[in-house]
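Colleague: Mind having a look at this structure? Questions to follow.
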Amino acid sequence: MNTAVLGLQWGDEGKAKIIDSIASDFDTIVRFSGGANAGHTVVSDDTKFVFHLVPSGILHPGKKCIIARGVNIDPFTLVEEIEKLERNGIETKNRLFISFSAFLVLPYHKYQDTYQERRRHIGTTRQGIGPSYTDKIDRVGIRMYDLLQPKIMLEKIKFIYNEKKNSFPGIFEMEDIHPEPLVEQIIEASKTIIPLLTDTRVMLLESVENGESVLFEGAQGALLDIDFGTYPYVTSSSCTVGGIFNGTGVPPDLLDRVIGVAKCYTTRVGEGPFPTEITCKKKAERLRERGGEFGSTTGRPRRVGWLDLVALKYACQINGVSELALTKLDVLSGMSSVPVATEYTINGERLTNFPENLHIIRRVTPVYRELAGWNDEELSGISGNVLDYIETIERFTGVPVRFISTGAERDNLIRR
Ligand code: IMP
């Protein structure tokens, strides 16, 4: 069963934990979208690994890992990540494969991100993601295969560098960056990267033809998707199911199963609408601390709120989710009751579908249903009130909950 694991909220749903728990069932694990804005945390044998680009499946010996064409890759972050894995005794040779066609995120993208963020206030990770996807669409992106032609790459970068200087006066004032030394650094990084480059589309098709199975590792979440998210407060990539096909080149009928991951409450980093956000500072602080809700890429405190079933149903519909994974149920354990939003109102009118219109979504008021809280005993047996909570989600979304995460450790995961 070729399977996708996708985030259903604003990222940070705990996808890495689910991926880690099922990775051993697959031959190949693939990242298909986003970039080093993602931070996938896995705790293994007391060591905490945070992956930004390499699929977290790399922790499973013998598995092949692919960074496909849809991922915009910061070559320097990638080399750092590979070196850290090697230092921890985790082999990447003949296990990690990178698409020839993937686009690069370069330092000028990060400068542009920071420069634009001062005026736009999206709350980006400043990893250069938006500007690098913009360059792709604008047809001035640098691709992995350009690493093989350093002279041509230098000419391209000189051209882009000048365009950016003209379009964004003062963009490079923060630090001097020049095309020649940048290309030298890229050439240095490419010594590690070039041996890993391949046609990952063909590789994937051939492995499936040989009866092997593939796990597609999503990054970010449906509500951050460039098309379906709360635009413009989104990332610049396709983090929903469609991103798999554009981001890898495999056809849709290759995908058998979609696991959607949702936290049993909601978090968001950065700006943008968040209907179920907890507005009481103290309450929010308590939940943030309990849940350890601080960004794994930027360390920023995450905004926190209650589970939003209207948004969750929308995310399930867009992605064709066949199974749900619910995470962090232990964080809410011990509460007397747990609110979940089942619809919104605006100007006295009921809304049961998630509105794609920013002017509406930022003004809706959620209508909550109070569900009875659970204790640790109920949680470990998935019985009583926690079972009610799970069944309410299943009824509302029409999707069965197959995975329940009850803690950070690998073992704290119940399969139903
Ligand atoms: P960008 O992807 O850095 O351009 O940021 C755009 C928005 O997506 C910001 O609100 C970020 O906080 C958010 N974002 C990007 N990647 C992640 C992630 O992996 N988890 C949570 N939020 C993210």
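Colleague: When you look at Gly295, is it of a type outside the set (A, V, I, L, M), surrounded by fewer than 20 Cβ atoms within 10 Å (Cβ to Cβ), within 16 Å of the ligand (Cβ to nearest atom) and closer than 28 Å to Ile390 by Cβ, yes or no? Break it down stepwise before answering.
Modeller: Details: of a type outside the set (A, V, I, L, M): yes; surrounded by fewer than 20 Cβ atoms within 10 Å (Cβ to Cβ): yes; within 16 Å of the ligand (Cβ to nearest atom): yes; closer than 28 Å to Ile390 by Cβ: yes.
Taking the combined requirement at face value, the residue satisfies it.
Colleague: Residues in the stretch 73-95: is at least one in contact with a Leu (Cβ under 7 Å, 6 or more places away or on another chain), under 25 Å from Asp225 (Cα atoms), buried (at least 17 other Cβ atoms within 10 Å of the Cβ) and among the polar types (S, T, N, Q)?
Modeller: The answer is yes; a qualifying residue exists.
Colleague: Now a separate question. If I ask for residues that are surrounded by fewer than 18 Cβ atoms within 10 Å (Cβ to Cβ), in contact (Cβ under 8 Å) with a residue 12 or more places away in the chain, closer than 25 Å to Thr124 by Cβ and more than 16 Å from the ligand (Cβ to nearest atom), which ones from the stretch 243-292 would you list?
Modeller: Asn246 - this is the single residue of the stretch 243-292 that is surrounded by fewer than 18 Cβ atoms within 10 Å (Cβ to Cβ), in contact (Cβ under 8 Å) with a residue 12 or more places away in the chain, closer than 25 Å to Thr124 by Cβ and more than 16 Å from the ligand (Cβ to nearest atom).
Colleague: Name every residue in the stretch 30-54 that is buried (at least 24 other Cβ atoms within 10 Å of the Cβ) and touching a helix residue (DSSP H, G or I) at 6+ places or on another chain (Cβ under 8 Å), in order of residue number.
Modeller: Val30, Phe32, Ser33, Gly34, Gly35, Ala36, Asn37, His40, Phe51, Leu53, Val54
Colleague: Something else: Which members of the stretch 299-317 meet the condition of being modelled with pLDDT of 95 or more and of a type in the set (D, E, K, R)?
Modeller: Within the stretch 299-317, Arg302, Arg303, Asp308, Lys313 meet the criteria.
Colleague: Need at least 2 residues that are assigned by TED's automatic domain parsing to the domain that holds Glu212, farther than 30 Å from Leu182 by Cα and modelled with pLDDT under 95 per element, so show me which strands (runs of 3 or more DSSP E) inside the stretch 1-102 make the cut, counting only ones lying wholly within it.
Modeller: Counting at least 2 such residues, we get 40-44, 47-51.
Colleague: Which of (1) among the aromatic types (Phe, Trp, Tyr); (2) touching a residue at least 60 places away in the same chain (Cβ under 8 Å); (3) away from the ligand (no atom under 16 Å from the Cβ) is the odd one out, the single condition Tyr133 does not satisfy?
Modeller: Every listed condition holds for Tyr133 apart from (3).
Colleague: Pick out the one residue from Ala341, Ala325, Ala311 that is within 16 Å of the ligand (Cβ to nearest atom) and among the small types (Gly, Ala, Ser).
Modeller: Ala311
The values are calculated or read from the model by the stated rules, or taken from the named source; none is laboratory data. Here the structure is a predicted model, which means the values were calculated and not measured. Cβ: placed from backbone, ideal geometry, glycine included. Neighbour counts: every protein chain shown.
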